[in-house]
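First up is the structure itself, then whatever we jot down about it.
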Amino acid sequence: MRELVVISGKGGTGKTSITASFAALSSEQVVAADCDVDAPDLQFVLRPTQRSEHDFCASEVAEVDSSLCDECGTCRDYCRFGAIDAAYRIDDVACEGCGLCELVCPRGAVQMREISSGCWFMSDSPCGPLVHARLNFGEGNSGKLVARVREAARVEARRIGADLILVDGPPGIGCPVIASIAGVSAALIVTEPSPSGLHDLRRVVQVCDHFSIPAAVCINRCDLDMQLTRRIAAVAQEEELSVLGHIPYDNNVTKAQMQKRSAVEYAGGPAADSIRELWGAVVELLNWRDDTE
Ligand code: SF4
Ligand code: SF4
């Protein structure tokens with residue numbers, strides 16, 4: 001089973017539109033996984049119907065059993081987060097779940113309890129199954145949720161006999177990105193000709209290098225600044241990465257999004273044509289057989 005992750009060093013480069021287009025273009029069964037759990041938006045293009053919802057628990061907070069507590073104050077003295085009030089009640093928001101109060105309580109009155117950090121969903125879309133998720137506001141466990149989404153996508157792929165998982169990765173280079181790329185077959189880095197696009201491309205290439213992930217580059221909206229596009233291509237060459245696609249700016253992509261469609265489903269146009277060519281190159285990169293070829 002192959003996994004392709006579509007990532008970008010920065011947000012707003014168009015990776016979700018491209019991932020959705022790949023799902024639409026594949027004539028073989030694929031499973032899509034939206035691993036941008038802080039801002040999931042593949043669902044807005046793939047039009048999923050939710051099949052199931054699952055709680056995701058990755059955090060703990062302390063809880064005091066008042067029948068055992070003798071109000072000695074030890075837990076309050078040790079808690080560095082001010083999460084325990086004068087009546088020895090725990091503030092769930094302030095509690096960081098470190099477990100120190102449980103350790104120091106001489107009466108065994110503190111216990112840690114799991115709390116929900118978000119949800120993940122199994123859905124069906126016209127382009128195949130979609131696994132997506134939502135992290136609760138303020139939660140810091142996005143890497144773990146990404147791992148959960150990827151695992152669910154693998155289970156689903158095995159269930160339906162799909163040989164490819166398309167992962168829409170998060171922007172940046174932090175923990176959720178690392179969780180998204182670990183062990184994938186290849187990464188497609190979507191960038192755009194802007195100074196931040198160039199800067200963030202270098203950073204995300206380093207992350208792929210570090211984890212020995214085969215990577216290739218796609219330059220979206222390439223005609224917005226051809227000079228920067230050439231610089232990006234030069235950086236890719238320095239890094240020994242292929243530039244698999246140049247996608248021109250095309251207003252049809254925005255119109256497609258407004259209609260909740262991927263670029264290739266909505267209408268023709270230069271962007272859709274380039275994404276089709278890109279898909280062919282990605283299939284080759286993955287050494288995958290797709291009957292559209
Ligand atoms: S350390 Fe234990 S017994 Fe002492 S106040 Fe805290 S919960 Fe109560
Ligand atoms: S688990 Fe840590 S942060 Fe939470 S109340 Fe106990 S000591 Fe404070």
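The values are calculated or read from the model by the stated rules, or taken from the named source; none is laboratory data. This one's a predicted model, so the numbers in the text were calculated from it and none came from an experiment. Backbone-built Cβ (ideal geometry, glycine too); neighbour counts: all protein chains shown. Heads up: the accessible areas ignore ligands, DNA and RNA and are worked out on the full protein's heavy atoms, side chains in. Shrake-Rupley method; radii C 1.70, N 1.55, O 1.52, S 1.80 Å.
Report those helices (runs of 4 or more DSSP H) wholly inside the range 28-106 carrying at least 2 residues which are open to solvent by less than 40 Å² (accessible area, probe 1.4 Å) and more than 10 Å from ligand 2 (Cβ to nearest atom).
Ranges flagged: 43-46.
What tally of residues in the range 97-116 results from selecting those that are within 16 Å of GLU71 (Cβ to Cβ) and either polar (S, T, N, Q) or under 35 Å from the mean Cα position of the chain (by Cα) (or both)?
1
So, GLU28, is that one in contact with a strand residue (DSSP E or B) (Cβ under 6 Å, 6 or more places away or on another chain) and in contact (Cβ under 8 Å) with a residue 24 or more places away in the chain or not?
It is false that GLU28 is in contact with a strand residue (DSSP E or B) (Cβ under 6 Å, 6 or more places away or on another chain) and in contact (Cβ under 8 Å) with a residue 24 or more places away in the chain.
Might you check whether a residue that is part of a loop (DSSP other than H, G, I, E, B), modelled with pLDDT under 95 and either under 30 Å from ALA162 (Cα atoms) or open to solvent by 20 Å² or more (accessible area, probe 1.4 Å) (or both) occurs anywhere in the range 107-129?
Yes, the range 107-129 contains at least one residue that is part of a loop (DSSP other than H, G, I, E, B), modelled with pLDDT under 95 and either under 30 Å from ALA162 (Cα atoms) or open to solvent by 20 Å² or more (accessible area, probe 1.4 Å) (or both).
Can you pull out every residue in the range 212-248 that is assigned to a loop (DSSP other than H, G, I, E, B) and exposed (fewer than 15 other Cβ atoms within 10 Å of the Cβ)?
Scanning the range 212-248 gives SER212, PRO214, GLU240.
Could you please find all residues in the range 161-180 being modelled with pLDDT under 95, open to solvent by less than 10 Å² (accessible area, probe 1.4 Å) and of a type in the set (Val, Ile, Thr)?
VAL177 - this is the single residue of the range 161-180 that is modelled with pLDDT under 95, open to solvent by less than 10 Å² (accessible area, probe 1.4 Å) and of a type in the set (Val, Ile, Thr).
Keeping to the range 187-207, report how many residues are over 25 Å from ILE165 (Cβ atoms) and polar (S, T, N, Q).
Number of matching residues: 2.
In this structure, is GLY280 of a type outside the set (Ser, Thr, Tyr), under 16 Å from SER21 (Cβ atoms), assigned to a strand (DSSP E or B) and open to solvent by less than 80 Å² (accessible area, probe 1.4 Å)?
Considered against the rule, which asks whether it is of a type outside the set (Ser, Thr, Tyr), under 16 Å from SER21 (Cβ atoms), assigned to a strand (DSSP E or B) and open to solvent by less than 80 Å² (accessible area, probe 1.4 Å), GLY280 comes out as no.
Quick check on ALA24: is it open to solvent by 20 Å² or more (accessible area, probe 1.4 Å), among the aliphatic types (A, V, I, L, M), farther than 24 Å from ASN141 by Cβ and under 20 Å from the mean Cα position of the chain (by Cα)?
The answer is yes for ALA24.
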